[in-house]
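The values are calculated or read from the model by the stated rules, or taken from the named source; none is laboratory data. Only a predicted model underlies this, so the values are computations on that prediction, with no experimental measurement involved. So basically every Cβ, Gly included, is an ideal-geometry build from the backbone, and we count neighbours across all protein chains shown. We work out accessible area using only protein heavy atoms, side chains counted, and drop any ligands, DNA or RNA first. Shrake-Rupley method; radii C 1.70, N 1.55, O 1.52, S 1.80 Å.
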Amino acid sequence: MGNTTSTPLVFVDGFDAARPGLPGADLSWLKDIREAGIKRFNGLGLPTPKLENWKYTRLKSLEDTRFQPVTDEDGMAALDHVPSLLPDPGGRPRLVFVNGRMRPSFWIEGDLPSGVHLECLRDTLARDPDWAEAYLGRLTGDDHQALVQLNTAMMDTGFALRVDAGVVIEQPIEVVFIGGLTNRPVAYFPRNLIVLAAGAQATVVIHHVGMGIGAYFANTVTEIDIGEGARLNHYKVQAETRDATHLSTVHVNVAKDAAYEAFTLSIGGRLSRNEVSVRLEGEGARAGLNGAYLMRGSEHCDNTTVIEHLAPHTTCREIFKGVLDDQSRAVFQGKIIVRKEAQGTDGHQLCKTLLLSTGAEIDAKPELEIYADEVKCSHGATTGQIDETALFYLRSRGIPEAQARNLLVQSFVGEALDEISNEDVRHAFTDKVLHWLPAACFRSDEWRGK
Amino acid sequence: MAASTQTAQQVQELADDKYKYGFVTDIESETAPKGLNEDTVRFISAKKNEPEWLLAWRLKAFRHWLTMAEPTWAKVGFPEIDYQDSYYYSAPKGSDDGPKSLEDIDPELLATYEKLGIPLREQEFLAGVAVDAVFDSVSVATTFKSKLEEVGVIFCPISEALEKCPDLVKKYLGTVVPYTDNKHATLNSAVFTDGSFVYIPPGVRCPMELSTYFRINAKNTGQFERTLIIADKESYVSYLEGCTAPMRDENQLHAAVVELVALDDAEIKYSTVQNWYPGDENGKGGIYNFVTKRGACRGRNSKISWTQVETGSAITWKYPSCILQGDNSVGEFYSIAITNNCQQADTGTKMIHLGRNTTSKIISKGISAGRANQTYRGLVRMSPKAEGARNFTQCDSLLIGNECGAHTVPYIESKNKTAIVEHEATTSTISEDQMFYLRQRGIPPEAAVALVVNGFCREVLQQLPMEFAVEAQKLVGISLEGSVG
């Protein structure tokens, strides 16, 4: 595996220098896992298309850019407002990170019920290192994911959310990661922990957003543990700058009768990959893993998901919708694994992609791996362009072409957005999609009588 | 639960059933020395009086083969193959002169075929099928030659074609599956012993179904056929291939290559019923079926249709594919794969859309029982020039018993916005509702299972030519024996 390393790795070289400044530098157990991480990462090297799981995505931006660790100064970049996703934060709790540094001035504690602990990783490691030790790195599975290993070694930011048994948080918690605003390519490594005890409920909205211009690299790892009967809604928008590289790995454990609902909206970034692994470990566990990707220019977006059914009567639903314009490219790899024990599994996956332009490309690989017989599993995948007859129908009713196209794209993506059960979030995400669409009234030549 | 427990039981009974085609014909073979090296390649080439260019090509392939790694991406597991532990040439003795008619053929050989249910003589008169029977690498009988010659169709062993029409062979051999393609195909290029050659002249509709039965007989002999079918402009041919092998304990390697070329407005229909020995219920023995099949729709409006019924082999590694180069060309893939006991199958297709308005259709039905594992692996690629191309894929898997596995791994790559790709896949078991419905109408459980499975496969069975449909249905029946009652 060592030969997959294609570039001298600045991260490995810079590890020793960066170490003293990383959170929890005085914890010996953390020191050990960081060292193991960098060693393993050095052995694995960056993933290349030679690995089946990376067949369609090449980390070109990491090969051709020399990223440097962020400094406190980068974290203090001038910012006059926070690009909040939800309209008026009001009493909603909110955490804001700029280039990986938490900005206390933008922090809204909100009215969180007691039994909820929300803080940045650095604080957790300082205040409750034992709890962090118990969870950190516990859910990331085997050590074959090079980017997870790199994150483990370098993790310098992120947050921890801990909800005690039976506590229900009504308000969505928003976490904003702002990137950019630096004059050199920087890298930061958020590590997030979300732990819901039995019967707890929470909604977390993660907003990765780029400001200004500039190349940066965000390598995020999120570990989520959902206790018996608990429910987590986990929504994410990724709207990085067009030079940014966004790599995210999520590992989720879902216990008996618990539910995990996720939506990932990708609308920006030179290169992005969202890799999600969900383990349905307890009987009756449910997962809804949905998303949409809207790409233009020469952006590249990769959504790779694995849902593993390990217990009887577990269900999963997965809907991904993609819209690709210009020369953009998207990858969807979705795998559903049903282990022998998972009798009575119900799994459904759908991936649809619209190609708006010549030059856009979609590579889809929906995959079923099934070892149990009492199952109902299916997947579907389609690619194509906007339906000409639907377009004709709308135009015959006097709707200008550009606007009709927008309507059709909107309704296409809408099928996935409908899966978001939180209404505020669904509206916010729909707005994001609408903003992405070309401004129809300025584009329609025929409307101007040309 | 009751239904599936029962089904599992039936499958178990089935497993206990002895392989009914397992017998060995005792014929002296004239074999090349064991092992594989350049001398083996030269031996085979000399044995067949091949032209210089072919030997050179074989050697090129062999040298390339030495540098190649075993493909490991398929979801199959088997011990490493010792290529030196096999014989690469074995011909029934006395075949050097070639049989002039059926009477010249070893009666024991004919009896073998008869046990398989393909009496040559009967077929000659009744079925109207020309059989180019390959018995351990050398063709022993070719019937209906004269009738085919009348219309100009060339249907003969490839070694004979090298004498008769060397230019045609030279022009097309290795152009669809190059000698560098994959380890198994490269090995075949180096050591292929025989196989069929078909050429349909322009405007000719082949008057009968062409059929070849392949047999693996001599112990420790890999079977390396090479089939080349060329359908010239506006021609049509339907080709049937059936495989059955006697029972053996060692794993036998079968690495065949099939190349199809369809020119303007031509159509090739290629049907396979593969029933090699699958090994016993513990996975001992059986054939390794590593086959490279590929068709090139070179001409406009050409069509290639693959139909396969895969019930045998310990391991099946097979992806009949279509390269749709010509505008408006059509590729089709219909497949039934049944795996039982410890069988492993990794099969599927590739549809490479290059021309405008090319269309492809993939219907795959997999049935997995016992401890078998089965994978559908397919690729649909829409190249930037494939304006208006269209694909529809449907893969369904049926699981019988809770120790088997069924996997679906489709790859979809689209670089053209006007191309439409649709893929659907389902995995399920025979539902209790279905069983209850049939049983309450007085249908015994075994027959009910057979009914459901036959219904499940119907779409593909319908694609088979008449001559084969009967045998294929019989095979599906055998696979479900004990449940058909």
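Observations on the model:
- Reported count of residues in region B:295-329, each being part of a strand (DSSP E or B) and more than 11 Å from the chain's Cα centre (by Cα), is 11.
- Residue in region A:326-348 that is facing chain B (nearest Cβ under 7 Å) and crowded, with 23+ Cβ neighbours inside 10 Å present: no
- Scanning region A:196-210 for residues that are of a type in the set (A, V, I, L, M, F, W, C) and open to solvent by 10 Å² or more (accessible area, probe 1.4 Å) yields A:ALA197, A:ALA198, A:VAL209.
- Test: B:GLU422 is at pLDDT below 90, open to solvent by 40 Å² or more (accessible area, probe 1.4 Å) and either under 26 Å from the mean Cα position of the chain (by Cα) or not aliphatic (A, V, I, L, M) (or both): no
- Subset of region B:39-91 [within 14 Å of chain A (Cβ to nearest Cβ) and either modelled with pLDDT of 85 or more or open to solvent by 40 Å² or more (accessible area, probe 1.4 Å) (or both)]: B:ALA69, B:THR72, B:TRP73, B:LYS75
- Residues located in region A:221-254, provided they are in contact with a helix residue (DSSP H, G or I) (Cβ under 9 Å, 6 or more places away or on another chain) and farther than 15 Å from A:SER266 by Cα: A:VAL221, A:GLU223, A:ASP225, A:ASN233, A:HIS251
- Residue tally, condition of a type in the set (Val, Ile, Thr) and touching a residue at least 40 places away in the same chain (Cβ under 8 Å), over region A:336-373: 2
- Region B:392-418: number of residues that are touching a His at 6+ places or on another chain (Cβ under 7 Å) and more than 7 Å from every other protein chain (Cβ to nearest Cβ): 1
- The C-beta contact set for region A:374-390 (first residue within 7 Å of chain B (Cβ to nearest Cβ), second residue among the polar types (S, T, N, Q) and part of a helix (DSSP H, G or I), distance under 9 angstrom, 6+ apart or interchain) comprises A:GLU374/B:SER4.
So that you can scan it fast, the table gives a plain yes or no per residue for (1) at pLDDT 75 or above; (2) farther than 20 Å from B:CYS165 by Cβ; (3) open to solvent by 10 Å² or more (accessible area, probe 1.4 Å):
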site	(1), (2), (3)
B:ASP181	yes, yes, yes
B:SER196	yes, no, no
B:THR221	no, yes, no
B:LEU228	yes, no, no
B:ALA231	yes, no, no
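- Output for region A:144-192, where each listed residue is open to solvent by 10 Å² or more (accessible area, probe 1.4 Å) and assigned to a strand (DSSP E or B): A:ARG162, A:VAL168
- Subset of region B:341-354 (residues that are surrounded by fewer than 24 Cβ atoms within 10 Å (Cβ to Cβ) and either touching a residue at least 60 places away in the same chain (Cβ under 8 Å) or not charged (D, E, K, R) (or both)): B:ASN341, B:CYS342, B:ASP346, B:ILE352, B:LEU354
- Within region B:46-65, restricting attention to residues that are hydrophobic (A, V, I, L, M, F, W, C) and touching a residue at least 60 places away in the same chain (Cβ under 8 Å), the residue that is nearest to B:TYR88 (Cα to Cα) is B:PHE62.
- Among the residues of region B:428-439, at least one is at pLDDT below 90 and within 7 Å of chain A (Cβ to nearest Cβ).
- Pair list, Cβ under 7 Å, 6 or more apart: region A:178-201 residue over 15 Å from A:THR157 (Cβ atoms) and assigned by TED's automatic domain parsing to the domain that holds A:LEU150, other residue part of a strand (DSSP E or B) and basic (Lys, Arg): A:VAL195/A:ARG162; A:GLN201/A:ARG231
- Within region A:117-136, the set of residues being surrounded by fewer than 21 Cβ atoms within 10 Å (Cβ to Cβ), within 25 Å of A:PHE15 (Cα to Cα) and touching a residue at least 40 places away in the same chain (Cβ under 8 Å) comprises A:ARG122, A:ALA126, A:PRO129, A:GLU133, A:TYR135.
- Looking across region B:189-207, the residues that are farther than 12 Å from B:TRP57 by Cβ and of a type outside the set (A, V, I, L, M, F, W, C) come down to B:THR193, B:ASP194, B:GLY195, B:SER196, B:TYR199, B:PRO201, B:PRO202, B:GLY203, B:ARG205, B:PRO207.
- Pairs, first free of Cβ contacts under 8 Å to residues at least 12 places away in the same chain in region B:294-310, second part of a strand (DSSP E or B) and open to solvent by less than 40 Å² (accessible area, probe 1.4 Å), C-beta under 7 Å, six or more apart: none
- The residue list A:ALA218, A:ALA197, A:ALA230, A:ALA160 contains one member that is of a type outside the set (Phe, Trp, Tyr) and within 12 Å of the chain's Cα centre (by Cα), which is A:ALA218.
- Odd one out for A:VAL96, checked against (1) modelled with pLDDT of 90 or more; (2) open to solvent by 80 Å² or more (accessible area, probe 1.4 Å): (2)
- Top-ranked residue in region B:370-379 [being open to solvent by less than 10 Å² (accessible area, probe 1.4 Å) and more than 9 Å from chain A (Cβ to nearest Cβ); ranked as nearest to A:HIS379 (Cα to Cα)]: B:GLY378
- Residue match in region B:267-289 (condition: of a type in the set (A, V, I, L, M, F, W, C), within 21 Å of B:MET208 (Cα to Cα), at pLDDT 85 or above and surrounded by 24 or more Cβ atoms within 10 Å (Cβ to Cβ)): yes
- Out of A:SER114, A:SER105, sole residue that is without any contact (Cβ under 8 Å) to a residue 60 or more places away in the chain and assigned to a loop (DSSP other than H, G, I, E, B): A:SER114
- Checked against the criterion of being surrounded by fewer than 22 Cβ atoms within 10 Å (Cβ to Cβ) and at pLDDT 95 or above, the candidates A:GLU283, A:GLU223 yield just one match: A:GLU283.
- Boolean, A:GLU318 is open to solvent by 10 Å² or more (accessible area, probe 1.4 Å) and either small (Gly, Ala, Ser) or not in a helix (DSSP H, G or I) (or both): no
- Evaluated against (1) within 9 Å of another protein chain (Cβ to nearest Cβ); (2) surrounded by fewer than 24 Cβ atoms within 10 Å (Cβ to Cβ), A:THR353 falls short on exactly one condition, (2).
- Conditions (1) open to solvent by 40 Å² or more (accessible area, probe 1.4 Å); (2) modelled with pLDDT of 85 or more; (3) charged (D, E, K, R); (4) more than 20 Å from the chain's Cα centre (by Cα); number of the one not met by A:ARG66: (2)
- Residue match in region A:348-362 (condition: of a type in the set (Ser, Thr, Tyr) and more than 24 Å from A:ARG58 (Cα to Cα)): no
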